[in-house]
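Let me begin by presenting the structure, written as structure tokens, before commenting on it.
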Amino acid sequence: PSAALALLSGSAAAVVVWKWLGNRQIQKKMEEARRTRDEGVKKMAKVVQQFREQVPSVQTDAILSLPLLELSRRLREGSLSPKTVLYTYLEKALEVTRQTNCLRHFIPECEEQLQEIQWQEEKGLLYGIPVSIKDHIGHKGHLSTCGLVQCLGTVVQEDSVLVKVLKRQGAIPFAMTNVPQSLFSYDCSNPTFGQTLHPFNPQKSPGGSSGGEGALIAGGGSILGIGSDIGGSIRLPSSFCGLCGLKPTAERLSVWRARLPNMDVCSHPAPVPCAVGPMARDVDSLALCMKALLCQEMFRLDPAVPPIPFDEEVYSSSAPLRVGYYDTDGYFPLPPCMRRAVQETRGALQAAGHQLVPFSPPRIHYVMTELFLKTFFADGGRAWLDVFTGGIVDPSLKSQVNGCKIPRLGKKLLALILKPLQFLLLLLKLKNVATISTCRSVKEMWNHHHEIQAYRTEFIARWRELQLDVVLCPVLGPAFTTGYPGKLLTAISSTMLYNVLNFPAGVVPVSTVTEADEEELKLYRGCCGDPWDRTLKQAVAGAAGLPVAVQCVALPWRDELCLRFMKEVETLSREK
């Protein structure tokens, strides 16, 4: 017995030492990644300082205030040099990241690209434009981390198709921006690079998962960024930060070499696909970016992208639109200011001669729990859990991770116990990761895919019944206090719907939170004044002066019509 006890004690000690060594190795990786980033920041600061000493007369504020179209025109005609513009934005990006922690890494090769564009035979549509890209969009020679420790040791060997096309069009990728761990969050925090803050209020989150992009562009450190969206990850940061952002039809732009955790987006199209798209300060910037990307180079490099060039005629049209609208989806009632934004925009559109038609999206409870969440947690979340190397989990994700860790039998028992309360659960939005039904066989998975297609057919039928061109609807906002997005995963129903449908959808800021909105928020009860409604109330409180946005939607492959509608909303809101 004493020998057995000694053996057990020795084994336990060995396990403890082994785990300690493993954790120490992980910590070293994280420290090295942070050190590399900090050294990159210092290097860029030195380069910028040298440029300022060589050219002290640069009118920084004048350059930073130019809209993208005007900046592009001046670069192409030669009245501004790409070098001056690049170093101006590098300097501003340094300032913004010191305030918000929005950058994951500068791209020192931007200086090489600056030289390359001078030898291009013709100036591309984005000639000399500095562009920031989200962390997981591959750039040769750099990490693509998705906020995960396990990705810290793998350097990307080849530019993604998007980056290749941006360079071909004369753009200069200069920075990679921070993301939440695993990308599955609409906050922006990970254990390696930390929390990104809102550029206008450090108590607030910039949104996610393209939160680093949102903070950098809104703070003035980038004029054009590329994000990605699989549940609202372009639109939510755009809403929180007061930007314009477009989630195109997923297959419209290439995702080749855009890394996603445990998902090979190159060879297996998911039932709810990931889309990449632009983020900027105005709609014209989004349109110029799409026009530049939808070129022969994109179609040649990725044959999976349909060769459909940008339709300028649709974007430039001024014909009256038949607009469906709703200010709530009936699943997660949004704060009063977001519903106000829809109602005011509806009134402005009607006054401008467009036809407004009430529209109600069908069965959002079903879409949220049985279609969207079931897609990502079909295996009970086991594949997702695998990405958290060493058990290091960001605080913003702990509730979801803990829910996935409940054993299958425990989930079945929990579902059985809670089944009599099904109606109440829907009201209380308690049907979360812990109780989501899973796909227990290949047949169930195929059925699940069929259900998504059937819902798309149903939704399009309702749309066509009303003869709609586009839809105006709310988007989640205003900006949440940091830490709150992880407590309210189900609040993203307003954006998630259009990922399931794979419709192009964009966000346009139209107003700001007023003191009257703050007062009305005090009376907000949401669905039934339950803990989730109270949590939402706490999340958005204290947002006076922060942006308020609306969402614009069109049918699949009508991305230019979606942009045209966004432009109309933007124009009317600016006039107002």
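Add -39500 (n - 2.57) for each DSSP H run of 4 or more in the chain, then divide by its residues: what number comes out at 222 nm, to the nearest 500 deg cm²/dmol? The partial results should precede the final answer.
Numbers: 22 runs with 255 residues, N = 576.
Estimated from H runs of four or more residues: -13500 deg cm²/dmol.
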Computed from every Cα-Cα pair in segment 46-180, P(r) in 10 Å bins starting at 0 and rounded to whole percents is 12, 40, 36, 11, 1
So which of 43/134; 46/83; 443/487; 487/537; 134/164 end up more than 24 Å apart, counting from Cα to Cα? 443/487
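Work out, step by step, the length gained on full extension between residue 366 and residue 443: first 0.36 nm times the residue separation, then minus their alpha carbon distance; give nm to one decimal. Show your work: numbers first, answer last.
Numbers: separation 77, 0.36 × 77 = 27.72 nm, distance 1.99 nm.
Length difference between fully extended and current span is 25.7 nm.
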Of 330, 242, 256, which is farthest on the positive side of the dipole of the chain, counting Cα position, with +1 on Lys and Arg Cβ, -1 on Asp and Glu Cβ, and the Cα centre as origin? 330
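For segment 51-306, just run the numbers: alpha carbon Rg, then divide by 2.2 N^0.38 Å, N being how many residues it has. Please report the intermediate quantities before stating the final value.
Working: Rg = 16.8 Å, N = 256, 2.2 N^0.38 = 18.1 Å.
Dividing the Cα radius of gyration by 2.2 N^0.38 Å gives 0.93.
Quick one: accessible area per residue over the chain, 1.4 Å probe, rounded to a whole number of Å²? Working shown, then result.
Working: 23530 Å² over 576 residues.
Value for the chain: 41 Å² per residue.
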Label points 7 Å out from Cα along the Cβ direction at residue 516 and residue 70: separation in nm? 3.2 nm
With a 1.4 Å probe and every protein chain left in place, tell me how much accessible area residue 469 has, in Å² to the nearest 10. 60 Å²
Cβ under 14 Å from residue 105's Cβ, residue 105 left aside: what net charge do those residues give with Lys, Arg +1 and Asp, Glu -1? +2
Percent antiparallel among DSSP beta bridges confined to the chain, nearest 5, equals 70 percent
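Is there a quick way to get the dipole size of segment 51-306? I mean about its Cα centre, with the Cβ of Lys and Arg at +1 and of Asp and Glu at -1; what is the value in debye to the nearest 20?
On the way: 23 positive and 24 negative charges, 55 e Å.
Here segment 51-306 has a charge dipole of around 260 debye.
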Dipole of the chain, positive direction: furthest Cα of 442, 130, 165, with charges on the beta-carbon: 442
Report the charge-dipole magnitude of segment 76-147 in Debye, nearest 20, computed about the Cα centre from +1 at each Lys and Arg Cβ and -1 at each Asp and Glu Cβ. 280 debye
Match the structure shown to one of the listed values (1) 1.07; (2) 0.95; (3) 0.98 of Rg/Rh (Cα atoms, Kirkwood Rh), computed from it, and give that label. (3)
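The values are calculated or read from the model by the stated rules, or taken from the named source; none is laboratory data. Given the structure is predicted, the values throughout are model-derived calculations rather than measurements. Glycine gets a Cβ as well: all are built from the backbone with ideal geometry, and neighbour counts include every protein chain shown. Remember, those area values only see protein heavy atoms, side chains included, never the ligands or the DNA or RNA. Shrake-Rupley method; radii C 1.70, N 1.55, O 1.52, S 1.80 Å.
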